[in-house]
1. How about segment 201-264: which GluC sites (Glu not before Pro) there lie in a loop by DSSP and see at most 16 other Cβ atoms within 10 Å?
2. If you place +1 on the Cβ of every Lys and Arg, -1 on the Cβ of every Asp and Glu, and leave all else neutral, what size is the dipole of segment 142-199 about its Cα centre, to the nearest 20 Debye?
3. Go through segment 212-223 residue by residue and turn each phi into a ³J(HN,Hα) via Karplus (6.51, -1.76, 1.60, θ = phi - 60°); whole Hz please, and just put x for glycine and proline.
4. Report, in whole Å, the centroid distance computed from the Cα atoms of segment 218-242 and segment 61-125.
5. Which of the lysines could be linked to LYS159 by a straight reach, that is with a Cα gap under 27 Å, when you skip same-chain ones fewer than 8 residues away?
6. Once you have a ≥ b ≥ c as the square roots of the Cα gyration tensor eigenvalues for segment 45-164, tell me rounded if a/c is under 1.5, and otherwise prolate or oblate according to whether a/b is larger than b/c.
7. Regarding segment 165-280, what is the average projected area of its C-alpha convex hull, in nm²?
8. Largest first and to the nearest Å, give the Cα extent of segment 192-250 along each principal axis.
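Quick note: the coordinates plus some simple rules give every number you see, no bench work behind them. What you see is a predicted model, and the numbers here were worked out from it, not measured in a lab. Positions of Cβ are generated from backbone atoms using ideal geometry, with glycine treated the same way; all protein chains shown enter the neighbour counts.
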Amino acid sequence: MKLGALEAGGTKMVCAIGDETGRIFEQVSIPTETPDITVPKLTRYFKERGIDALGIGCFGPIELDKSSTMYGCITSTPKLAWRNYNIVEAFAEALHCPIGFDTDVNGSVLGEVTFGQARGKDCVIYLTIGTGVGGGIYIEGKLLHGMLHPETGHVLIQKREYDSYGGKCPYHKNCLEGLAAGPAIEERWGRKAAELADRTEVWELEADYIAQALTGYILTISPQMIILGGGVMHQEQLFPLIRDKVTQMLGGYIQADALKDMDNYIVPASLNDNQGIMGCLELARREYAAGQ
Ligand code: ADP
Ligand code: ZN
């Protein structure tokens, strides 16, 4: 089967052609401008390659409820040109093939459970900590949507007294994204996050905030594995700090074997940064199979 994959991001669109085994034959990246400029380039790419189905992992918020008239739209994004743009409709009209559609982070968690280290698990969280913070949740073998889709980056966090930074999220003063995404780190400390590698206080505080959120997810969702990706997690010293803090915050309450092996419980992404695009191949495969 020839499958198309589109990782639709706020700064770039990654397009790939692959198959149901997760193999990627070719891949290109196109800058995200307005839909008028960008979408025709994308549809042309896929049309020329004659795909059987397309999977789109999209920046959000997006409408995933198939019974809604807005299904397939990017909704209240700050990128105004894309607000209420129906990306699924645009591709369906141009390509006449099944279009799988989900959040970018659900795409990433699907990549990891289908082709990566989380294979065989049926409850997994993938969290990206980059320009923003977002999370995909795979639960009981399905991607979680619920009312809309989870917004795990905006859970509220207890700010530490010694942190005088006001927070970057326009909606919440003390959510995970507002306190711990890359731009918040950079504004708080006045340097590029990558240049702060040797400042232990930066990563202690960062790990504290991430661990608070993970502790909440563990208590609510009971995941079998938590995968952390995104630019900020290139600071690998964060992993042991986060694992220790989560263990402390849980206070020994949860008795589960997985938590005794933290090194294999809170882990980096496993697919060389291809988890998102590979997940889109699986979104395409699933949509194709659903129509058979
Ligand atoms: P996006 O979230 O836009 O898809 P990334 O996941 O690459 O992109 O995240 C970009 C953010 O990650 C930037 O805001 C930057 O602060 C941060 N970042 C990128 N590289 C590093 C690094 N090596 N160490 C720490 N932070 C980084
Ligand atoms: Zn927020």
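1. Those satisfying the criteria are GLU236.
2. 60 debye
3. Each residue of segment 212-223 in turn: 4, 5, 4, 4, x, 5, 4, 6, 8, 9, 6, x Hz.
4. The distance from the Cα centre of segment 218-242 to that of segment 61-125 comes to 23 Å.
5. Reachable lysines: LYS168, LYS173, LYS192, LYS245.
6. Note, shape of segment 45-164 comes out oblate.
7. Over every viewing direction, the Cα hull of segment 165-280 projects on average to 8.2 nm².
8. Principal-axis extents of the Cα atoms in segment 192-250, largest first: 35, 21, 14 Å.
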